[in-house]
Every structure is written in structure tokens, then in C-alpha cells.
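As C-alpha cells, the structure follows; a few thoughts come after it.
The values are calculated or read from the model by the stated rules, or taken from the named source; none is laboratory data. On a predicted model such as this, the values are computed, not experimentally measured, just so you know. Using ideal geometry, Cβ is built from the backbone for each residue, glycine included, and neighbour counts are taken over all protein chains shown. Each accessible area value is taken on the protein alone, full model and side chains, heavy atoms only, with ligands, DNA and RNA left out. Shrake-Rupley method; radii C 1.70, N 1.55, O 1.52, S 1.80 Å.
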Amino acid sequence: MAIGKKLYPMILRAMADAEATGRSGAEKKEIVMAAVDSFAKELGIQYEVDQISDAIEFIIDFSKKVNKK
């Protein structure tokens, strides 16, 4: 199951919100996972936790590469 068109933008928004908290990486990931879970339940979207976790890690790694100086 691929990450849906509704979940991907939500993950990005949740990551931006979590980043603004100034918390540790693990805490930020927990914030994002909770936000995604709440959003998905609200819309009745089923998802695989591992896929969301992998997507978050991919986005983080990609961002680090893009923002590398």
C-alpha cells in the first residue's frame, strides 16, 4: 500500500510543525506519527505504520542531502 495523496502532504505539514518544537529527533517523529494517526483516523484512511515511518526517514535523509552545504 502506497502512501496516499492525502497522507503525504499531511506528513510534510506535521514534520514542519514538529521541527518548530525544538524537540529531539525521536520526540519529533512521535509528534508526526501521532498527527498522522489522528488525521488518518479522522478521514477513515488505513495505513501501515512502517510505511509512514519509512516515509518520514526518507524525507529527513533527502532534506539533509538537499540542504548539505
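If the Cβ limit is 7 Å and pairs must be 6+ apart or interchain, which residue in the stretch 9-29 that is more than 15 Å from Phe58 (Cα to Cα) pairs with which residue that is among the basic types (Lys, Arg) and part of a helix (DSSP H, G or I)?
Ala18/Lys28; Glu19/Lys28; Thr21/Lys28
From Ser63, Ser24, Ser38, which residue is open to solvent by less than 50 Å² (accessible area, probe 1.4 Å) and of a type in the set (Ser, Thr, Tyr)? Step through it out loud before you land on a result.
Details: Ser24 fails: open to solvent by less than 50 Å² (accessible area, probe 1.4 Å); Ser38 fails: open to solvent by less than 50 Å² (accessible area, probe 1.4 Å).
Being open to solvent by less than 50 Å² (accessible area, probe 1.4 Å) and of a type in the set (Ser, Thr, Tyr) holds for just one of Ser63, Ser24, Ser38, which is Ser63.
Anything in the stretch 1-21 that is hydrophobic (A, V, I, L, M, F, W, C), surrounded by fewer than 17 Cβ atoms within 10 Å (Cβ to Cβ) and assigned to a helix (DSSP H, G or I)? List them, or say none.
Leu12, Ala16
Go through the residues of the stretch 42-49 one by one and say whether even a single one is open to solvent by less than 70 Å² (accessible area, probe 1.4 Å) and in a helix (DSSP H, G or I). Outline the logic, then answer.
So the first thing to find is which residues in the stretch 42-49 are open to solvent by less than 70 Å² (accessible area, probe 1.4 Å), and the list is 44-45, 47.
Those still in the list that are in a helix (DSSP H, G or I) too: none.
No, every residue in the stretch 42-49 fails to be open to solvent by less than 70 Å² (accessible area, probe 1.4 Å) and in a helix (DSSP H, G or I).
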